[in-house]
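Each remark here refers to the structure printed beneath this line.
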Amino acid sequence: DNRADLLAVMERISGTSPADIMNVRMIVEPQAASVSAANARPGDLIAIRNAHELAIASRDTQAFEAWDTEFHKRIFESTRNDFLTALHDILKSVRTREQWLTLKLRRFSETRRLTYCNEHAAVYEAIVNRDPRGAAAAMQQHMITVRDNLFA
């Protein structure tokens, strides 16, 4: 039964460590940015830019986190790949667990928020310029920064 298999997978995922989640993000997110650069429609580009701009404007940590998550979600949605979008939703459900949020909040600072916004800008620019390699490289750099900020 496919539902039973999916439920078993979801139960295993629920115990995943933040480090393991980050490792998966480092594999998947650069590729999603690359596919987005190739497949995003004009409306997708506007949606990604809007999430980025709202993250920049968010001085409150919780608001920033919400728009940061939305920025990444919109990139996945713009790939036009339902499986990638579903994978983002799985990662998001694990990233919003208390263990992950506690780790992020403990390490969060205004300087890091600005760094993330600058890196998001580089990802967005590569996507809007239809540069798959540049989008992947920019997202890879962003994932490295996030990883280093959380686990270094």
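The values are calculated or read from the model by the stated rules, or taken from the named source; none is laboratory data. Here the structure is a predicted model, which is why all the values come from computation and not from measurement. Don't worry about glycine lacking a Cβ; one is built from the backbone with ideal geometry, like all the others, and counts go over all protein chains shown. Remember, those area values only see protein heavy atoms, side chains included, never the ligands or the DNA or RNA. Shrake-Rupley method; radii C 1.70, N 1.55, O 1.52, S 1.80 Å.
Based on the Cβ-Cβ distance from Glu110 to Val24, what FRET efficiency comes out when R0 is 35 Å, to the nearest 0.05? Before the final figure, lay out the partial values.
Numbers: r = 28 Å, r/R0 = 0.80.
Once rounded, the FRET efficiency stands at 0.80.
So how strong a dipole does the range 14-76 carry about its Cα centre when Lys and Arg Cβ are +1 and Asp and Glu Cβ are -1, to the nearest 20 debye? Using Cβ point charges on Lys, Arg, Asp and Glu, the range 14-76 gives about 200 debye.
Selection among Ala32, Ala136, Leu45 by position relative to the dipole of the chain gives Ala136 as farthest towards the positive end (Cβ unit charges, Cα centre). Put a plus charge on the Cβ of each Lys and Arg, a minus charge on the Cβ of each Asp and Glu, and nothing anywhere else: the dipole of the chain about its Cα centre is then about 200 debye. Considering only C-alpha atoms, what is the centroid distance from the range 57-90 to the range 125-150, in Å? The two parts, judged by their Cα centres, are 14 Å apart.
Qualifying trypsin sites (Lys or Arg not before Pro) in the range 26-103, where qualification requires a DSSP coil assignment and no more than 11 other C-beta atoms within 10 Å, comprise Arg59.
Give me the percent of the accessible area of the chain that comes from carbon and sulfur atoms, probe 1.4 Å, all protein chains in place. Please report the intermediate quantities before stating the final value.
Values: 4330 of 8030 Å².
Percent of accessible area from carbon and sulfur atoms in the chain: 54.
Prolate is the label for the range 42-151, because the ratio a/c of its alpha-carbon gyration tensor axes (a ≥ b ≥ c) is 1.5 or higher and a/b is greater than b/c. Think of a 1.4 Å ball rolled over the protein heavy atoms: the chain then has 53 Å² of accessible area per residue. Positive end of the dipole of the range 1-135 (Cβ unit charges, origin at the Cα centre): among Gln62, Ser109, Gln99, the Cα lying farthest that way belongs to Ser109.
GNM remark for the chain: springs join alpha carbons under 10 Å apart, and the peak mean-square fluctuation among Ser78, Ser58, Ser34 falls on Ser58.
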